[in-house]
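Enquirer: My questions will all concern the structure given below.
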Amino acid sequence: MEYDLRTRFRPEERDFIMLGLREAFALLADLLARPSVSIFLLPLMALTACGFGAEAPSLERRKIVPAQYDIASCRIPKTSGEEAIFAKLNSEEITTSDYFFKVYNRADLEAVLGASATSTSRYVSNLLGGRLFRVPREYREGERVCPMYTDLPLLPVELEPTWYSQADQLKNPDERLAGLYFEACNPEDCNDRALILPTILIDDGMDRWTLVHEMMHHNFNRERKRNPNYIGDRVLDQQGREAKDEVVRLFEFYDETKSTEALRDLAERLNWLVRVYLKESLVNSFFEEVAIEGQLVDEFAADRLKNVAPEAAQNAIWYMRTSSVKGLKIFTDKTFNLRTLKRQMSARDLLDFVQDEATSRGLMNVAREARASQRSISTLERRAQELIERGERRLRVLGFNIQQEGPPIAFPFGIRTMHGLEASSHADHLPAAKSLEDWLNH
């Protein structure tokens, strides 16, 4: 007897059956891989090793409860809104953002500002060449969820490790990964200039704000790679590691010899680390989250971004603040292991040291440059705070009560995790954030 899944079962039942089959095949593949490396698995391993450090998904974590999709639970139905402006797909309105001078294509953002979730997903899928996929939630028993993106194709098996390696990093049981943007390239193919299979994965019950957020990651990434002055993630990462090693070596040499030339060289390498490597890496990781959420808050406050829950805008402020605090720690984390002092120092500590030593020895140019590097850090801190406070003011004008601390409020329709609660993983999946983490631990 033949069974046709397309006609015999309802869509939600069919999805659950397919998930069960995929679960069985995943387990089988794992068993087959143990005696020897499976040729079929090699491309998958290479793909997930590119910038994400992905591991095989946890079968324990992937226990899926049958989806309780319920349109009545939708705060804003997925069909609420206009059609996206598909004529803008091939248009370019290159704009410099007020957020850390990040460049993006305004046409793509404007195309979806007033669109429904359904039309937004179609536009973004076209933008990515069809590489927009939904991830069925790890639903709780009896949980009822708005079926926001159930029309999208399911997460392909070969991309499951990319999603679940990020989801497994969430320690709080109430946290849930909302979305991911990445390029699905293997190590030898990842490119600082060309876009390699740009992909978005999104929780299938998540809000429209999340999808627009992920689209903006693609927008920034695409324009960054088009910039002829962009150093490139790989080159910058290598230079950052080498400069950190050189700073440690020069510090220890100066500490032993008090060589004026060593102090000058130490100051030069340290200034580059702070003003170029750390700043560039920060703006392309944690501050990119600030830039995207801030931009969306601006669009919402100006009544241009529609068909999103007001709670998403309020939560954005919390996420901006969290991302800023986490990012700025790169300047104060004590990650320079100094053997001669038998202790660790931060970038700010080292700048203070250089400034004090140079001043005491009459090397005023060296001291002045160290102060300039300190000011560059302070300028970044102030600018981030100004942007966050500006977003707060714009929402308060609309009657929002912005909380300064504490977790964000949850969506009324059962989404326990919004941008803020997945902040601990959301920023970290960006290549620049991964490079920063590696640099801190180097």
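The values are calculated or read from the model by the stated rules, or taken from the named source; none is laboratory data. For clarity, every value in this text was computed on a predicted model and none was experimentally measured. Every residue, glycine as well, gets a Cβ built from its backbone with ideal geometry; the counts of neighbours run over all protein chains shown.
Enquirer: Can you tell me which residue in the range 98-126 is surrounded by the most Cβ atoms within 10 Å (Cβ to Cβ), limited to those that are closer than 30 Å to Q385 by Cα and touching a Lys or Arg at 6+ places or on another chain (Cβ under 6 Å)?
Expert: For the range 98-126, the residue satisfying everything is A111.
Let's see how each residue does on (1) of a type in the set (A, V, I, L, M, F, W, C); (2) without any contact (Cβ under 8 Å) to a residue 24 or more places away in the chain:
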position: L266; (1), (2): yes, no
position: S281; (1), (2): no, no
position: I292; (1), (2): yes, no
position: D298; (1), (2): no, no
position: D303; (1), (2): no, yes
position: K306; (1), (2): no, no
position: A316; (1), (2): yes, no
position: F336; (1), (2): yes, no
position: K342; (1), (2): no, yes
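Enquirer: Okay, next question. In the range 276-294, which residue that is hydroxyl-bearing (S, T, Y) and in a helix (DSSP H, G or I) is nearest to H218 (Cα to Cα)?
Expert: S281
Enquirer: Then there is this: If a residue has to be assigned to a loop (DSSP other than H, G, I, E, B) and acidic (D, E) to count, how many in the range 154-175 make the cut?
Expert: 3
Enquirer: Here's another thing I want to ask about it. State whether the residues of the range 228-251 include one that is over 28 Å from R131 (Cα atoms), crowded, with 22+ Cβ neighbours inside 10 Å and aromatic (F, W, Y).
Expert: yes
Enquirer: Being at positive phi and not in a strand (DSSP E or B), is that true of even one residue in the range 198-211?
Expert: Within the range 198-211, none of the residues are at positive phi and not in a strand (DSSP E or B).
Enquirer: Just checking, does the range 237-256 include any residue being free of Cβ contacts under 8 Å to residues at least 60 places away in the same chain, touching a helix residue (DSSP H, G or I) at 6+ places or on another chain (Cβ under 8 Å), small (G, A, S) and not in a helix (DSSP H, G or I)?
Expert: No - not one qualifying residue is present in the range 237-256.
Enquirer: Test each condition in (1) of a type in the set (A, V, I, L, M, F, W, C); (2) over 24 Å from T332 (Cβ atoms); (3) free of Cβ contacts under 8 Å to residues at least 60 places away in the same chain for L395 and report the one that comes out false.
Expert: All conditions pass for L395, except number (3).
Enquirer: Then there's this: Residues to consider are V290, V297; find the one that is of a type outside the set (G, A, S) and either in contact with a Phe, Trp or Tyr (Cβ under 9 Å, 6 or more places away or on another chain) or surrounded by fewer than 18 Cβ atoms within 10 Å (Cβ to Cβ) (or both). Don't jump to the end; show me each part of the working.
Expert: On the way: V297 fails: either in contact with a Phe, Trp or Tyr (Cβ under 9 Å, 6 or more places away or on another chain) or surrounded by fewer than 18 Cβ atoms within 10 Å (Cβ to Cβ) (or both).
Going through V290, V297 in turn, the sole match is V290.
Enquirer: Filtering the range 134-153 down to residues that are touching a helix residue (DSSP H, G or I) at 6+ places or on another chain (Cβ under 7 Å) and not in a loop (DSSP other than H, G, I, E, B), which residue is modelled with the lowest pLDDT?
Expert: In this case the residue turns out to be V145.
Enquirer: Here's something else I'd like to know. Test of understanding: among Y123, Y164, Y181, which residue is aromatic (F, W, Y) and in contact with a Phe, Trp or Tyr (Cβ under 9 Å, 6 or more places away or on another chain)? Reasoning before the result, please.
Expert: Details: Y164 fails: in contact with a Phe, Trp or Tyr (Cβ under 9 Å, 6 or more places away or on another chain); Y181 fails: in contact with a Phe, Trp or Tyr (Cβ under 9 Å, 6 or more places away or on another chain).
Answer to the selection: Y123.
Enquirer: Now for a separate question. Working only within the range 127-153, note down all residues that are surrounded by fewer than 16 Cβ atoms within 10 Å (Cβ to Cβ), in contact with a strand residue (DSSP E or B) (Cβ under 9 Å, 6 or more places away or on another chain) and under 13 Å from T199 (Cα atoms).
Expert: Matches in the range 127-153: G129, P153.
Enquirer: In the range 341-367, which residues are over 20 Å from R241 (Cα atoms) and polar (S, T, N, Q)?
Expert: Result: Q355, T359, S360, N365.
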